[in-house]
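What follows is a short report on a single structure.
The values are calculated or read from the model by the stated rules, or taken from the named source; none is laboratory data. Note that this is a predicted model, so its numbers are computed, not measured. Neighbour counts are summed over all protein chains in view; Cβ atoms, including those assigned to glycine, are modelled from backbone coordinates with ideal geometry. Accessible surface areas use protein heavy atoms only, side chains included; no ligands, DNA or RNA. Shrake-Rupley method; radii C 1.70, N 1.55, O 1.52, S 1.80 Å.
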Amino acid sequence: MVDPLIGVKNLRKWFPVRRGLLTPKLFVRAVDDVSFSIEKGKILALAGESGSGKTTTGKVMIRLIEPTSGKVLFNGEDVTGFDSKRLKEFKKQAQIVFQDPYDAMNPRQTVFQILQEPLLVHEMTGSRDEATDLVYRALEDVQLTPAEEFTPRFPHELSGGQRQRVAVARALILHPKFIMADEPVSMLDMSVRAEILNLFLDLVEKYDLALLFITHDLAVSKYIADELAIMYLGKIAEIGNPEDVVDTPLHPYTIALVAAVPVPDPRAKLSEIPISGEIPSPINPPTGCRFHPRCPIAQFPICREKEPSLEEKVLGHFAACHFSNLLVEKRKPEGRVSKAN
Amino acid sequence: MPLLDVKNVKMYYELVGNRYVKAVDDVSFSVSKGASLGVVGESGCGKSSLAITIMRLLPMNAKILSGDVTLDRQEILKMPEAALRREIRWKRISMVFQGAMNVLNPVRKVGDQMAEAIMAHDGVSKKEAMGTCRKLLSVVGIDPSRIGNYPHEFSGGMRQRTVIATALALDPDVLIADEPTTALDLVVQAQILKLLKELKEKLGLSLILISHDVSIVSEMSDNVAVMYAGRIAEYGKALDVFLNPLHPYTVSLLSAVPSVKGKRRRLQSIRGVPPNLANLPEGCKFAPRCDYAKPECLSPEPTLELLGNGQYVRCYGITEGWINYGRPIDRR
């Protein structure tokens, strides 16, 4: 097995909730004991509903926020212990692409200035010529050519897809080894979404990048990822090869999510969604298995009392459910997932 | 006989200096009782403008240049505003706006807000209106005892249900839902779509569902209109449009969308970007991005033509026969 480039181990991020002086302290358990790793040249998609903790996980991984406990391992070293000098070096190698490229850019800077900024911060260039050269190369990497046509433009003079390309170029310009992309295509129109997804696929291959791709869209995850992790209330419910996870889920929550995804085929009927309600508050998550109040196959008292650990149920396919084996048995012979109810 | 018939509607927004944003240009379609029409297109293609044109909830600079909208053979586009307000808007054609879960007033109780809408139109007492609200809430799957709650005590999905219930308060025939599930989580989205489908079947509602999401439209609609640059590029039964797409835009759009089902295949993006509605190209509006475009596509603009199988398409390549996707096309 290849050594992973970056990973998290037993990661926790609890945000304190402000209350009165004498009342007991409460925490939003945004990320609660999460572990995974990403190899060079691989894409891990982190999927889940809003409030599942996927963005917090990503932010901790590039140390935009500090974890409450646990480790972020980069090339085998724990990033959380880095001093400011080493942290700066790490941040050069770990970059980010945000959801809304328009919000993530200074509207009064030109594309050139936007792309030059990381070079200045990290003192990467001696001369203006050198900077120009790097900026042009980054623009060519994201296929904004001829580059000189784009450098003088302001963000509002670009289309949505072009803006997201500039955001990707800004992340690439420091030659990072790891990129965290937080819902990078959810603001884009359908016809340009595919080109940005393909751009990420090409760049990961070309530069041997490790990419953490955060999304709520399972179809996009299945398309882009080498490994897919489903998060629910701060925990990983299921992780494995995206085709395995989506086609033969081993967690009832994943089954519900997959059933909820509309498919572009008019012959498909709206699927029965086997779960009801909405994701509960992460302040006081349910005891035992966090999914048990919504789970169609929960059995009591075990699911209410004992938290399931993330276990390898099938080779390379992990799920945190006491009754994954029931889901495997319920599957029809042709491999289709039956309704879990 | 269609219930709602939209014919050659043109609605432009006037800009300074005699320039126009041609948001809705020569759009025609019809919706039968109890049927659903999906209008799909990317942002800025005019789909929301089409909805507010039918509702006649247009801003000051919007001009309806031509066209007819008839509901049960009654023309409503040129009807006096007072009569429209009294007889049609909200009573027979109702609408759920985009971002509807944020339209509730946060400092007023849910029931009071719903009742206000009913009392404004029906002239009933508050008590009767509240009774109707309770019924409406249970229709959309909310416990009627929550009527005295404030919006913040509801989840996003419940707020969306409340807004749908309010749109149904006056028992309309047609419901226009503009992106009814954006900003909702996946599972909640599926629940709301299911609710809309049930309402359509139970109440015999005609539904116009506007969405950028081809998957949602394909699952929800009997008929589909694919909009591009203010026009309908292709229109027909959902089965035909999605399984046998004809317009090159529809074809490209469908190969740009990933699906959770089936094997992975490389997605094809569409080169270029959608045109600016204030500065449209001559001729076919999709030609600059079209792989099949020929010089004759650049002028004049093709019209929406009916083909033998009942599908409509606005494309010379299809009607004149020089586009061939390697599958049979009924070009008559």
Fill in the blank from the handout: Candidates A:GLU243, A:GLU123, A:GLU183; GNM for chain A (alpha-carbon contacts under 10 Å) flags as most fluctuating A:GLU123
Completion exercise
In terms of the charge dipole of chain A, which places +1 on Lys and Arg and -1 on Asp and Glu at the beta carbon, the residue among A:ILE6, A:VAL263, A:PRO249 farthest towards the positive end is A:PRO249
Problem - All lysines inside 21 Å of A:LYS306 as judged from Cα atoms, apart from same-chain residues fewer than 8 positions distant - result: A:LYS235
Completion exercise
For the protein assembly as shown, whose charge dipole is built from +1 on Lys and Arg Cβ atoms and -1 on Asp and Glu Cβ atoms, the candidate among B:ASN61, A:THR287, A:LEU22 with its Cα farthest towards the positive end is A:LEU22
Practice task
Could you tell me how many degrees, from 0 to 90 and to the nearest 10, lie between the Cα long axis of helix A:84-93 and the main elongation axis, the longest principal axis, of the Cα atoms of chain A?
Solution key: 90 degrees
Problem - Distance between segment B:13-33 and segment B:247-293 - C-alpha centres, whole angstrom - result: 21 Å
Exercise for the section: May I ask for the accessible area buried between chains B and A, both sides summed, probe 1.4 Å, to the nearest 100 Å²? Expected result: 4100 Å²
Completion exercise
Highest GNM mean-square fluctuation among B:GLY99, B:GLY321, B:GLY204, for chain B with Cα springs under 10 Å, belongs to B:GLY321
Exercise for the section: Note every residue of segment B:243-272 with a reduction of at least 40 square angstrom in accessible area, all protein chains present versus the isolated chain, computed with a 1.4 Å probe, or write none. Expected result: B:LEU243, B:PRO258, B:SER259, B:VAL260, B:LYS261, B:ARG264, B:ARG266, B:LEU267, B:SER269
Handout entry: R0 of 41 Å, Cβ-Cβ distance A:ARG108-B:ALA183: FRET efficiency to nearest 0.05
Key = 0.90
Completion exercise
Carbon and sulfur atoms account, in whole percent of the 1.4 Å probe accessible area of segment B:1-141, for 53 percent
Handout entry: Surface accessible to a 1.4 Å probe, A:CYS295 within the full protein complex, Å²
Key = 30 Å²
Problem - Share of pairwise Cα separations in segment A:1-86, more than 21 Å, in percent - result: 36 percent
Completion exercise
Long-range share for segment B:1-111, i.e. C-alpha pairs more than 16 Å apart as a percent of all pairs, stands at 65 percent
Problem - Sequence ranges A:161-168, B:61-68, ranked by mean other-Cβ count within 10 angstrom, highest first - result: A:161-168, B:61-68
Exercise for the section: Give me the distance between the Cα centres of segment B:63-99 and segment B:101-161, rounded to whole Å. Expected result: 25 Å
Practice task
From other protein chains only, count the Cβ atoms within 10 Å of every residue's Cβ in B:193-202, then give the mean.
Solution key: 1
Completion exercise
Quick calc, A:GLN143 & A:ASN10: beta-carbon distance into FRET formula, R0 35 Å, rounding 0.05, result 0.30
Problem - Estimated distance in nm for a label pair at B:LYS263 and B:LEU203, the labels positioned 7 Å out from Cα along Cα-to-Cβ - result: 4.6 nm
Handout entry: Cα-based helix-to-principal-axis angle, A:128-141 vs chain A, degrees rounded to 10
Key = 40 degrees
Problem - Under 15 Å from A:LYS206, Cα to Cα: aspartates and glutamates that are on another chain or at least 8 residues apart - result: A:GLU39, A:GLU140, A:ASP141
Exercise for the section: Per residue of A:49-55, count partner chain C-beta atoms within 10 Å of its C-beta, then hand back the mean as an integer. Expected result: 2
Fill in the blank from the handout: If every Lys and Arg gets +1 and every Asp and Glu gets -1 at its Cβ, then about the Cα centre the protein assembly as shown yields a dipole, in debye to the nearest 20, of 1540 debye
Handout entry: Global size of the protein assembly as shown as Cα Rg and Dmax, reported in angstrom
Key = 26.5, 80
Exercise for the section: Express the accessible area of chain B per residue in Å², computed with a 1.4 Å probe while the remaining protein chains stay in the model. Expected result: 42 Å²
Practice task
Give, rounded to the nearest 20 debye, the magnitude of the charge dipole that chain A has about its Cα centre when Lys and Arg contribute +1 at Cβ and Asp and Glu contribute -1 at Cβ.
Solution key: 1300 debye
Problem - Between 0 and 90°, nearest 10: helix A:190-207 axis offset from chain A longest Cα axis - result: 80 degrees
Practice task
Output the pairs from B:LYS91/B:LYS202; A:LYS269/B:LYS63; B:LYS33/B:LYS285; A:LYS25/A:LYS222 with a Cα-Cα distance over 28 Å in this structure; if there are none, say none.
Solution key: A:LYS269/B:LYS63; B:LYS33/B:LYS285; A:LYS25/A:LYS222
Handout entry: Length released on extending from A:PHE154 to A:ASP202, taking residue separation times 0.36 nm less the Cα-Cα span
Key = 14.7 nm
Exercise for the section: Sequence neighbours fewer than 8 away in the same chain don't count; with that in mind, list the aspartates and glutamates whose C-alpha is under 18 Å from A:LYS313. Expected result: A:GLU227, A:GLU238, A:GLU243, A:ASP244, A:ASP247, A:GLU329
Exercise for the section: Find the centroid of the Cα atoms in segment A:1-70 and in segment A:256-325, then give the distance between the two in whole Å. Expected result: 20 Å
Handout entry: Rounded accessible area per residue of chain A, 1.4 Å, Å²
Key = 45 Å²
Completion exercise
Net charge near B:ALA229 (other residues with Cβ under 11 Å of its Cβ; Lys, Arg +1; Asp, Glu -1) is +2
Fill in the blank from the handout: Mean per-residue count of partner chain Cβ within 10 Å for B:216-226 equals 3
Fill in the blank from the handout: So the carbon and sulfur contribution to the accessible area of segment A:6-247, 1.4 Å probe, in percent, is 48 percent
Handout entry: Exposure ranking of B:ASP330, A:ASP32 by accessible area [1.4 Å probe, largest first]
Key = B:ASP330, A:ASP32
